[in-house]
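Participant: Starting off with a structure, shown below.
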Amino acid sequence: MLRVFLQQWFALSKPAVEDALYELPVLRRFAGVKRIAGTAWAQLASCYRLCTAGRFICRILLYSEFMRLFTGIALDDKTAQSLHSYVSSFHREFPALRWSLPQQWHVTLQFLGEAKEECYTSIVQHLRTVRADAAEIRIGGPAFFERAGVFHIEIEKTESLLALHYQTEQALAYCGFKPEVRPYSPHITLAHNKGRASSADFKRLRHVVEKLFPAKLSVFTAHEFLLYQSFTEPSGSRYEVRERFPLM
């Protein structure tokens, strides 16, 4: 029953709910699951036996106040078209992967995670204090995050991009957001596994990409950065631009 409840409440398919449980800490807290190991539904079924209907209603009211936010840079049209030409053939050959839509492609600056709606105004105000130069975005080659099951395009760490990343981190620190411990690794996500289990398509894709010539993609200058809100839907994540911040 819990599976049906989550699917109907969030309008998600079974695979999409399971993906969301892995990817969204707030949904795990909503379901009362601290971490996912093995079969997610077995843990959820156990959790359901311990939860009353009233407890779920309280969680719904609590976590509906959160927004999943991140800052990033959108691709220019020329780069997006070049990238689309590069990956279009992969879509047909590897249908078992979840491919990002071209309009969703971006370079993440900082992931804020789940933020309360009441903090939104403060976030925007502090991001408007950023006074960074336009960022040079140099597109690298295709690569893989093996453990996360992500196929992506690397982005070179240019001086202007790193300066923008640093300034946005400093601005958001005033809102209580801590910089990530791991080193900044700018990239454009093209596809990822459905769920956390490694798929045959993901392994085959890596072998195919390694045999191809490196993709020749463009360099562009970003004259603004964006604040995105992420939504989990049956087809995967959808990103909506909430604010735009000009660069010098």
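Participant: Looking at residue 160, is it assigned to a helix (DSSP H, G or I), of a type in the set (S, T, N, Q) and crowded, with 16+ Cβ neighbours inside 10 Å?
Facilitator: yes
Participant: For the condition under 19 Å from the mean Cα position of the chain (by Cα), at pLDDT 90 or above and surrounded by fewer than 19 Cβ atoms within 10 Å (Cβ to Cβ), what is the one hit in 66, 145?
Facilitator: Result: 145 is the single residue among 66, 145 that is under 19 Å from the mean Cα position of the chain (by Cα), at pLDDT 90 or above and surrounded by fewer than 19 Cβ atoms within 10 Å (Cβ to Cβ).
Participant: Still on this structure, I have one more. Can you give me the number of residues within region 160-186 that are among the charged types (D, E, K, R) and free of Cβ contacts under 8 Å to residues at least 12 places away in the same chain?
Facilitator: So the answer is 2.
Participant: What is the one condition in (1) free of Cβ contacts under 8 Å to residues at least 60 places away in the same chain; (2) more than 22 Å from residue 224 (Cα to Cα) that residue 97 does not satisfy?
Facilitator: The failed condition is (1).
The values are calculated or read from the model by the stated rules, or taken from the named source; none is laboratory data. Note that this is a predicted model, so its numbers are computed, not measured. All Cβ positions, glycine included, derive from the backbone under ideal geometry; neighbour counts span all protein chains shown.
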